[in-house]
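Q: Could you have a look at this structure, given as structure tokens, before my questions?
FYI, it's all coordinate maths here, none of it is from the lab. Keep in mind that this is a model prediction, so the values were computed, not measured. Every residue, glycine among them, receives a Cβ derived from its backbone with ideal geometry; neighbour counts consider all protein chains shown.
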Amino acid sequence: MAIEQDEIEKIAELARIRIADEQIGDVTRRITEILGMVDQLQAAETDGVEPMANPLDATQRLRVDEVTESDQRDAFQAIAPAVEQGLYLVPKVID
């Protein structure tokens, strides 16, 4: 799939990207090469290939699920500006 220089200029305008006039030709060539690679990938035969979540078949080591910090709720609420029945009170911001 080839892309024309005027299409690059239009896309740059829509994306609010400034491309210098002397660079438009190079950008057009590079994007055309990228689209060619995408076309090449799409042409690959993938029937019967099962999707993979991870190509390395690795498993993640999990840590033990245990509490590592002490409960400091009372200490935090002691320094809070406003607390009521264990809840932090904040100013109303929506009418």
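Q: Please list, in order along region 65-80, the HN-Hα scalar couplings obtained from phi with the Karplus expression 6.51 cos²θ - 1.76 cosθ + 1.60 (θ = phi - 60°), rounded to whole Hz, x for Gly and Pro.
A: In residue order, the calculated couplings are 7, 9, 6, 10, 10, 7, 6, 10, 4, 4, 5, 5, 6, 5, 9, 6 Hz.
Q: For the residue pair D47 and R30, what label-to-label distance in nm results when each label sits 7 Å from Cα along the Cα-to-beta-carbon direction?
A: Taking the simple label geometry, D47 and R30 are separated by 3.8 nm.
Q: Any idea what angle helix 5-14 forms with the longest principal axis of the chain, computed on alpha-carbon atoms, 0 to 90 degrees, nearest 10?
A: Between helix and principal axis, roughly 20 degrees.
Q: Grab the Cα-Cα distance for V67 and K92, subtract it from 0.36 nm times how many residues apart they are, and report the gain in nm with one decimal.
A: Stretched fully, the V67-K92 segment lengthens by 5.6 nm.
Q: Along each of its three principal axes, how wide is the spread of alpha-carbon positions in region 1-49, in whole angstrom units, largest first?
A: Taking the Cα atoms of region 1-49, the three principal extents are 46, 18, 12 Å.
Q: Quick one, which of [x] 27.5, 65; [y] 12.3, 36; [z] 28.3, 67 is the actual Rg and Dmax of the Cα atoms in Å calculated for this model?
A: Entry [z].
Q: So which GluC sites (Glu not before Pro) in region 39-84 are both in a DSSP loop and have at most 10 other Cβ atoms within 10 Å of their Cβ? Show your work: numbers first, answer last.
A: On the way: sites: E45, E66, E69, E84; in loops: E45, E66, E69.
Passing sites in region 39-84 are E45, E66, E69.
Q: Which residues' amide hydrogens lie under 5 Å from the amide hydrogen of V83, considering only partners 5 or more residues apart or on another chain, with H built in the peptide plane?
A: L89
Q: Helix 24-42: angle to the longest alpha-carbon principal axis of the chain, degrees 0 to 90, nearest 10?
A: The two axes meet at around 80 degrees.
Q: Compute the separation of the alpha-carbon centres of region 1-15 and region 61-95 and state it in Å as a whole number.
A: So the two Cα centres are separated by 52 Å.
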